[in-house]
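The structure appears right after this line, and notes come after that.
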Amino acid sequence: MSEMVSISTLDNENSFNAYVARPQGTPRAAIVVIQEIFGVNAGIRRKCDKLAEDGYLAVAPDLFWQFEDGIELDPDIEAEMNKALDLFGKFDQDQGVRDIEAAIKYARSQGCAKVGAVGYCLGGRLAYMTAARTDSDASVGYYAVGIDNLLREKHAIANPLMLHIPTEDGFVDKATQKAMHDGLGDHPKVTLHDYEGLDHGFATEFGKRRSEEAAQLADSRTSAFFAEHLG
């Protein structure tokens, strides 16, 4: 079962929508699904639906409410990709993490003792920030961008974090990948997985970017990670 719900911001001065997919029966835990730069589109909703099929309460907050409600973009359409990149440049990431924290709070209010987070692209970066700044019980980031300039926050990562890193990521160069490994490789709470020859977006649900074999491998690792740390 899925629905759109309204979640109050942490300061209670605004609210934003979130797509919620509920499992049959009592959720084993909850997972906040953090969007790419394309909004809560069909691919993100499908991620939620699959998590619900696995028994989780899945919540995807519309983080682009900062601009307008209900933005959905397709990366395979050039004009929409350009709009997404423009929004990324304007997006207040600190506010985004606060909204993710509000979504975690909402998930706990639904009776879930444990709440994790998984994000993609921009959402992968926000998943790292979520691990460092919130009480998320376990977090996963796919092809996270710009982690090298967030390494100063790694000391605050208290709960498990997994990052999926495609080695030919057009948005994350080799120097940034090396900085991630150098900075996080020995962190007791962080697990890094490289995907040789893969590009950004390889685990998207729809579209040209998906690499089926690699997506299934990464998703199986994510599933085992959440089963271990969330239940």
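The values are calculated or read from the model by the stated rules, or taken from the named source; none is laboratory data. Remember, it's a predicted structure, so these values are computed and weren't measured experimentally. Neighbour counts are summed over all protein chains in view; Cβ atoms, including those assigned to glycine, are modelled from backbone coordinates with ideal geometry. Note: accessible area is taken over every heavy atom of the protein model, side chains too, but ligands, DNA and RNA are not part of it. Shrake-Rupley method; radii C 1.70, N 1.55, O 1.52, S 1.80 Å.
I'd like the Karplus ³J(HN,Hα) series for region 166-176: coefficients 6.51, -1.76, 1.60, θ = phi - 60°, whole numbers in Hz, and an x wherever there's a Gly or Pro.
Residue by residue, region 166-176 yields x, 6, 10, 5, x, 10, 9, 6, 4, 5, 5 Hz.
So if I take the centroid of the Cα atoms in region 215-231 and the same for region 1-16, what is the distance between those two points in Å?
27
Inverting the mean 1/r over all pairs of different Cα atoms, compute the Kirkwood radius of the chain and quote it in Å.
Radius from the Kirkwood sum: 17.3 Å.
Averaged per residue, what accessible area in Å² does region 164-231 show with a 1.4 Å probe, protein chains only?
For region 164-231, the per-residue accessible area is 51 Å².
Which of the GluC sites (Glu not before Pro) across region 1-100 are loop residues per DSSP, with 14 or fewer other Cβ within 10 Å?
Sites meeting the loop and neighbour criteria: E13, E68.
Take every DSSP beta bridge whose two residues both sit in the chain, then give the antiparallel share in percent to the nearest 5.
Taking every DSSP beta bridge with both residues in the chain, the antiparallel ones total about 35 percent.
Keeping the other protein chains in place, figure out the carbon and sulfur percent of the accessible area of the chain, with a 1.4 Å probe.
Result for the chain: 47 percent of the exposed heavy-atom area is carbon or sulfur.
For K189, what charge total do you get from the other residues with a beta carbon under 12 Å from its beta carbon, if Lys and Arg give +1 and Asp and Glu give -1?
-1
Run the helix sum for the chain: -39,500 (n - 2.57) per DSSP H stretch of 4+ residues, divided by residue count, reported at 222 nm to the nearest 500 deg cm²/dmol.
-11500 deg cm²/dmol
Within region 162-231, which GluC sites (Glu not before Pro) sit in a loop by DSSP and count at most 11 neighbouring Cβ atoms inside 10 Å?
For GluC sites (Glu not before Pro) across region 162-231 that sit outside H, G, I, E and B with at most 11 neighbouring Cβ atoms in 10 Å, the list reads E196.
Express the accessible area of region 1-85 per residue in Å², computed with a 1.4 Å probe while the remaining protein chains stay in the model.
Heavy-atom accessible area per residue stands at 45 Å².
Tell me which aspartates and glutamates have Cα within less than 13 Å of K174's Cα, excluding those fewer than 8 residues away on the same chain?
Cross-link targets: D148, D182, D194, E196, D199.
When you take every Cα atom in region 1-131, what is the radius of gyration, and what is Dmax, the widest Cα pair distance, in Å?
When restricted to the Cα atoms of region 1-131, Rg and Dmax are 13.8, 42 Å.
For the chain, give the magnitude of the charge dipole about the Cα centre (Cβ charges: +1 Lys/Arg, -1 Asp/Glu; no others), in debye to the nearest 20.
Around 680 debye, computed over the chain.
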